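Everything below concerns the one structure shown next.
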Amino acid sequence: QVQLVESGGGLVQAGGSLRLSCAASASTFSRYGMGWFRQAPGKEREFVAACNWNGGSTYYVDYVKGRFTISRDNAKNTVYLQMNSLKPEDTAVYYCAASYGNNWYYSRGYDYWGQGTQVTVSS
């Protein structure tokens, strides 16, 4: 069982930056690929970014490429999402998730989920 706790969300103006963190309880953290998803009000949860077990391979949805960066520190059991040049349409609850596999782009590919952290971008 892996517990994931997100932090770092908040209110930011358009063009600003936030860094989300996701701390994992498991000592086996390095065995998991990690992903970030988001869900805006009235919309389905969508993939944002993912990385493999050591962060050497990363994956992004097209509309965050060049703005968001996923990284991880296995010594700290933590994965990060650096978000720059934020836009109002980035407003959502952001979730981190852990995966045994490599089906990065779909929610069903992940085995454990955090509770989410709210990101609000004002115009």
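The values are calculated or read from the model by the stated rules, or taken from the named source; none is laboratory data. Everything numeric in this text was worked out from a predicted model, so none of it was measured. We place every Cβ from the backbone using ideal geometry, glycine too, and count neighbours over all the protein chains shown. Side chains included, ligands, DNA and RNA excluded: accessible areas come from the protein's heavy atoms. Shrake-Rupley method; radii C 1.70, N 1.55, O 1.52, S 1.80 Å.
Before moving on, here are some points about what is shown:
- In region 105-118 there is no residue that is open to solvent by less than 50 Å² (accessible area, probe 1.4 Å), touching a helix residue (DSSP H, G or I) at 6+ places or on another chain (Cβ under 9 Å) and within 14 Å of Gly8 (Cβ to Cβ).
- Test: residue in region 2-20 that is free of Cβ contacts under 8 Å to residues at least 24 places away in the same chain and surrounded by fewer than 13 Cβ atoms within 10 Å (Cβ to Cβ): no
- Annotation: of all residues in region 49-63 being in contact with an Asp or Glu (Cβ under 9 Å, 6 or more places away or on another chain) and open to solvent by less than 60 Å² (accessible area, probe 1.4 Å), the one that is farthest from Asn77 (Cα to Cα) is Val61.
- For the residues Arg67, Arg72, Arg31, the requirement of being open to solvent by 60 Å² or more (accessible area, probe 1.4 Å) and of a type in the set (D, E, K, R) singles out Arg31.
- Selection within region 74-102 - outside any strand (DSSP E or B) and under 13 Å from Met34 (Cβ atoms): Asn74, Lys76, Asn77, Tyr100, Gly101, Asn102
- Pair list, Cβ under 9 Å, 6 or more apart: region 48-67 residue within 16 Å of Tyr80 (Cβ to Cβ) and part of a helix (DSSP H, G or I), other residue open to solvent by less than 80 Å² (accessible area, probe 1.4 Å) and of a type in the set (A, V, I, L, M, F, W, C): Val64/Val48; Val64/Ala49; Val64/Met83
- Considering (1) at pLDDT 95 or above; (2) open to solvent by less than 20 Å² (accessible area, probe 1.4 Å); (3) farther than 14 Å from Ser71 by Cβ, the lone condition that Ala26 does not fulfil carries the number (1).
- Selected residue (criterion: nearest to Leu86 (Cα to Cα)) from residues of region 25-47 that are out of contact with any Lys or Arg (no Cβ under 9 Å at 6 or more places or on another chain) and part of a strand (DSSP E or B): Trp36
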